[in-house]
Amino acid sequence: MIKKVEVKTFVERLYCDKCGEEMKFHEMGLVAGLTYPIPCIHQCPNCGHREATNVLYPKVYYKAINDKD
């Protein structure tokens, strides 16, 4: 059975802890051998601060409008 559900779209963005600028994806990182998941390195275009995350930002996700959560 197939059902259509109305959804709302959200975008999560990563911001620099040092200066508040939005971080940009820089590269996939390999840290001390193979790790899983491979970390995504984001870099601030303003101050150069780098941060490794397990998520590629910006991240788009959807939530059904009639969900109770």
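The values are calculated or read from the model by the stated rules, or taken from the named source; none is laboratory data. All of these numbers come straight from a predicted model, not from anything done at the bench. Please note that ligands, DNA and RNA were not included when accessible areas were found on the heavy atoms of the full protein model with its side chains. Shrake-Rupley method; radii C 1.70, N 1.55, O 1.52, S 1.80 Å.
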Matching residues in the range 10-23 - criterion: being open to solvent by less than 80 Å² (accessible area, probe 1.4 Å) and either of a type outside the set (Gly, Ala, Ser) or farther than 13 Å from residue 45 by Cα (or both): 10, 11, 12, 14, 16, 19, 22, 23
Candidate set from the range 24-57 (those that are within 30 Å of residue 5 (Cα to Cα) and open to solvent by 70 Å² or more (accessible area, probe 1.4 Å)); member that is modelled with the highest pLDDT: 56
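One line per residue, one yes/no per condition, for (1) outside any loop (DSSP other than H, G, I, E, B); (2) among the aliphatic types (A, V, I, L, M); (3) open to solvent by 100 Å² or more (accessible area, probe 1.4 Å); (4) modelled with pLDDT under 90:
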position	(1), (2), (3), (4)
1	no, yes, yes, no
63	yes, no, no, no
66	no, no, yes, yes
69	no, no, yes, yes
